[in-house]
Amino acid sequence: MHPARDALAARLRAAGSVFAEDEADLLLDAGDGDAARLRTLVQRRLAGEPLEYVLGWAAFDGHRIRVTPGVFVPRARTTVVVSQAAALLHRYDRVVDLCCGAGAIGVALLERVGALDLVASDIDPDAIDVAAENIGDRGIVVAGDLFDALPGRFRGAVDVIAVNAPYVPTDVIATMPSEARDHEHRVALDGGPDGLDLHRRIAAGAGEWLRPGGTVVIEVSELQSAASAAAFADAGFATRIERDDAVDGTCVVASRPA
């Protein structure tokens, strides 16, 4: 019996937590025996703040990725991008983690592949700060709109552009769970009227940065995948759609002709 844990789990369950026992364990661990700290953490969670912000980290591909309030929280489904990108890479290849958020894709690729010539880019300054902390000296983190801030040496030389760009249609954001809708920055969610505005811009601009035979791996919903693939095909890429049911993840793999 664990009375404190059981009591906390009961409070979390009453507040709507589906995984109350697991959350209780994580909060107790984060409290580290400090009753005042634990009380603050629990109150934040009971008030509806996402667990990842309360803890200060999100689990992703076996890593604890540092996150701060407002920054997009990495989801398990994005590991489909990691898996597909890692299969294309060798040590020291040039990689862009585009729309990097907290830098989760870059961190996971470094672990799976080894040392990479990695640049992570995002338009959100809060995300850039966290990504720099997560990636450390293993890559470069830059602030800019899509490709704008990439170093000139990457032009025409990138092996893989790995992307989790916003793809939620604007009108759908209002129907998202509160933890996303009310807490994550809108710039990390809003993909325009059909959700694919960023996909089309990336399709139009990626060829300038990829080496011949280089590849974009970009997350998308299953329902949007055909339209996203078509945008890349129209830009001259050879495309395929990859699905991982285990994580409910879908991505488009788009390769520049060799």
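The values are calculated or read from the model by the stated rules, or taken from the named source; none is laboratory data. The structure presented is a predicted model; accordingly, all values stated were derived computationally and were not measured. Here Cβ is always computed from backbone atoms with ideal geometry, including for glycine, and neighbour counts include all displayed protein chains. Surface accessibility is based on the protein's heavy atoms, side chains included, excluding ligands, DNA and RNA. Shrake-Rupley method; radii C 1.70, N 1.55, O 1.52, S 1.80 Å.
General observations
- Options Arg66, Arg44; residue that is among the basic types (Lys, Arg), on the phi < 0 side of the Ramachandran plot and without any contact (Cβ under 8 Å) to a residue 24 or more places away in the chain: Arg44
- When residues of the stretch 177-207 are limited to those that are open to solvent by 30 Å² or more (accessible area, probe 1.4 Å) and assigned to a loop (DSSP other than H, G, I, E, B), the one nearest to Gly56 (Cα to Cα): His183
- Considering residues of the stretch 221-240 that are hydrophobic (A, V, I, L, M, F, W, C) and in a helix (DSSP H, G or I) only, the residue surrounded by the fewest Cβ atoms within 10 Å (Cβ to Cβ): Ala226
- In the stretch 208-220 there is no residue that is modelled with pLDDT of 95 or more, in a loop (DSSP other than H, G, I, E, B) and small (Gly, Ala, Ser).
- When Leu109, Leu116, Leu98 are screened for being of a type in the set (A, V, I, L, M) and open to solvent by 10 Å² or more (accessible area, probe 1.4 Å), only Leu116 passes.
- Qualifying residue in the stretch 82-94 (condition: surrounded by fewer than 21 Cβ atoms within 10 Å (Cβ to Cβ) and either of a type in the set (S, T, N, Q) or more than 29 Å from Val217 (Cα to Cα) (or both)): yes
- Residues that are at pLDDT 95 or above and touching a Lys or Arg at 6+ places or on another chain (Cβ under 6 Å) do occur in the stretch 57-69, at least one of them.
- Scope the stretch 192-217; condition of a type in the set (Asp, Glu) and touching a helix residue (DSSP H, G or I) at 6+ places or on another chain (Cβ under 8 Å); matching residues: Asp194
- On inspection, Val42 fails the criterion of being open to solvent by less than 50 Å² (accessible area, probe 1.4 Å) and at pLDDT 95 or above.
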